[in-house]
1. Counting Lys and Arg as +1 and Asp and Glu as -1, what is the net charge of the other residues whose Cβ lies under 12 Å from the Cβ of residue 203?
2. Report P(r) for segment 77-186: all Cα-Cα distances, bin width 5 Å, range 0 to the bin holding the largest distance, values in whole percent.
3. Taking the Cα centre as origin and putting +1 on Lys and Arg beta-carbons and -1 on Asp and Glu beta-carbons, what dipole magnitude results for the chain, to the nearest 20 debye?
4. Could you give the length gained by full extension between residue 94 and residue 198, i.e. 0.36 nm per residue of separation minus their alpha carbon distance, to one decimal place?
5. So which residue, out of 206, 86, 197, gets the largest mean-square fluctuation from a GNM of the chain using Cα contacts under 10 Å as springs?
6. Using only helices, what value at 222 nm comes out for the chain when you add -39,500 (n - 2.57) per DSSP H run of length 4 or more and divide by the total residues, to the nearest 500 deg cm²/dmol?
7. DSSP loop (so not H, G, I, E, B), at most 16 other Cβ within 10 Å: list which trypsin sites (Lys or Arg not before Pro) in segment 85-177 pass both filters.
8. Take segment 2-231, compute every pairwise Cα distance, and split them into 5 Å bins from 0; I just need the percent in each bin.
Amino acid sequence: MLIDLHVHSYLSRDCPLDPKAVLARAESFGLDGVAFTETNTQDGCDELFDLQRSTKLKVFVGLELATDKGQYLCFFEKPERAPEPVQLWGSNREKAWSADECLPKLKGLGAAIVAARPYDKEFGNPANDYVKSLKLLSAIEVYNPKVRAGANELALEAADALELPGVAGSDARTSLDEIGYAATLFKKAVGSQAELVKALQGRDYVPVQLGTLPHLRRPGEAKQEEQQRKKKKRRWPR
């Protein structure tokens, strides 16, 4: 079962995407489900779940929490009952929320937590190697088509070091054209929000690249290729 675990809609700030159009686009690419992970909120989850009536795809809801040490996809069994981050920690306009404070709290509330694009330098506060110190993650996003290949490779190596499974998601935010390049393959059917959380807390899934974007290499492969290139001597024509 192919699910895009990282998609935004107009419920996220500065995102124009209509969730109905997102689902139609995802269905055209053969996906089986979409998880809407709005930035710092699950407000509007009822609207998203209502879309289940008009689509063959499974609709899931999470949130993408932006902290002082990275971004994290958080999934609750009942998102409509989960407190909003702003209710827990107040406004983050002047100071980013503390990952050290937020993540254990959300884990205690039953969330499955996935580190998203941890080595993406385009994000103001990337997690970088901080992610390797976390013992509460369910998985790491090891393929995001919107970040540089090197950042994906580092995320894959972090997942390997922590012995965690990897996921993939499109991170669609600005255009419907961003959908259809990444998904997570769950080896068993995921029929509900509760089943998604349980599945993420397990290990029976793998990241999948779709389309014609570059091949996702194995942990350490990029470094090995670079070392091999350095060993080769350049031969100039006579």
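Quick note: the coordinates plus some simple rules give every number you see, no bench work behind them. Bear in mind the structure is a predicted one, so any value in this text is a computation, not a measurement. Cβ atoms come from the backbone with ideal geometry, glycine included; neighbour counts cover every protein chain shown.
1. On the way: positive: 187, 188, 198; negative: 163, 204.
Net of charged neighbours comes to +1.
2. Whole-percent P(r) values from 0 Å outward: 2, 11, 19, 20, 22, 17, 8, 1.
3. On the way: 35 positive and 34 negative charges, 319 e Å.
The calculated dipole for the chain is roughly 1540 debye.
4. Net length gain for the segment: 33.9 nm.
5. 86
6. That calculation yields -7500 deg cm²/dmol at 222 nm.
7. Numbers: sites: 93, 95, 105, 107, 121, 132, 135, 146, 148, 173; in loops: 93, 95, 121, 135, 146, 148, 173.
Passing sites in segment 85-177 are 93, 95, 121, 135, 148.
8. The distribution over segment 2-231 is 1, 7, 15, 20, 21, 17, 10, 5, 2, 1, 0, 0, given as percents.
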